[in-house]
Amino acid sequence: MKNQKLKILVEGAIMVALATVLSYIRIIKMPWGGSVTLLSMLPIVVFSIKYGVKHGFAAAFVFSLVQFGQGVIDGIFGWGLTPAMLVACIFLDYVGAFTVLGIAGIFRKKGTVGWACGTALAVFLRFAFHFLSGVVIWHSYGELWNGFSTDNTYLYSLLYNGAYMLPEMIFTMAGAIALFKVPQTAKLLKVSE
């Protein structure tokens, strides 16, 4: 029992570290902000599917704190937000948005369909947090690409966040299914009871 807890803790730490490294590898950087990473959510999703939602949320929360640390390095405190908006931004764009990735294991006992649905739910919830942040905090509107602009905050946030979150969702779902279906990795990632 003690060895199992230690194994889960160490594996969770490794997955958080791997997710952090992958978050720095940007495949596509959108010109207006946001980017598609090299499967940065996949380690957290896989961990949640393997060990369940409770452990998944714990690892995802730690990952959210690391992402917030990256935000601090990127200058979040220099964005000109009021204290209330800054707290909301920290919760919506970092803590909440990344912690929800832990829900990926909710349907883990349902096989491939469950892995795909859990992953889709987790990434969709992350998108929902970013969308809400765009509407409530940033009130963004304007030009997105090639002269297309909108003064509708909801549409702008939907397009802005959807442009990078939809590919992230597709890649993460495909990655999770592939890892659990390939015999060599499926044996290592056996879903625990």
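Go through the range 52-88 and give me each residue that's surrounded by fewer than 24 Cβ atoms within 10 Å (Cβ to Cβ), within 29 Å of Phe107 (Cα to Cα) and not charged (D, E, K, R).
Within the range 52-88, the subset surrounded by fewer than 24 Cβ atoms within 10 Å (Cβ to Cβ) is 52-55, 57-58, 61-62, 65-88.
From the residues that got through so far, the ones that are within 29 Å of Phe107 (Cα to Cα) too are 52-55, 57-58, 61-62, 65-68.
The answer is Gly52, Val53, His55, Phe57, Ala58, Phe61, Val62, Leu65, Val66, Gln67, Phe68.
Considering every residue within the range 180-189, establish whether at least one is in a helix (DSSP H, G or I) and touching a His at 6+ places or on another chain (Cβ under 9 Å).
Among the residues of the range 180-189, not one is in a helix (DSSP H, G or I) and touching a His at 6+ places or on another chain (Cβ under 9 Å), which makes the answer no.
If you check Phe47, Phe63, which single one turns out to be at pLDDT 95 or above, within 12 Å of the chain's Cα centre (by Cα), of a type in the set (Phe, Trp, Tyr) and under 11 Å from Ala19 (Cβ atoms)?
After ruling out the rest, the residue left standing is Phe63.
What number of residues in the range 1-39 are among the aromatic types (Phe, Trp, Tyr) and surrounded by fewer than 12 Cβ atoms within 10 Å (Cβ to Cβ)?
The qualifying residues number 1.
Each row is one residue, and each column tells you yes or no for (1) touching a residue at least 12 places away in the same chain (Cβ under 8 Å); (2) in contact with a Gly (Cβ under 8 Å, 6 or more places away or on another chain); (3) within 13 Å of Ala19 (Cβ to Cβ).
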position	(1), (2), (3)
Ala58	yes, yes, no
Gly78	no, no, no
Leu81	yes, no, no
Ala84	no, no, no
Gly96	yes, no, no
Ala104	yes, yes, yes
Lys110	no, no, no
Leu121	yes, no, no
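Tell me, yes or no, whether the range 28-37 has at least one residue that is touching a Lys or Arg at 6+ places or on another chain (Cβ under 9 Å) and in a helix (DSSP H, G or I).
Taking every residue of the range 28-37 in turn, none turns out to be touching a Lys or Arg at 6+ places or on another chain (Cβ under 9 Å) and in a helix (DSSP H, G or I).
Output the qualifying pairs, or none if there are none: Cβ atoms under 7 angstrom, residues six or more apart or on different chains, first residue in the range 6-31 and closer than 27 Å to Tyr160 by Cβ and modelled with pLDDT under 95, second residue among the hydroxyl-bearing types (Ser, Thr, Tyr) and not in a strand (DSSP E or B).
Every condition considered, the pairs that remain are Met30/Tyr164.
Mind counting the residues in the range 136-151 that are crowded, with 17+ Cβ neighbours inside 10 Å, part of a helix (DSSP H, G or I) and of a type in the set (A, V, I, L, M)?
So the answer is 1.
The values are calculated or read from the model by the stated rules, or taken from the named source; none is laboratory data. On a predicted model such as this, the values are computed, not experimentally measured, just so you know. Virtual Cβ from ideal backbone geometry, glycine too; neighbours counted across all protein chains shown.
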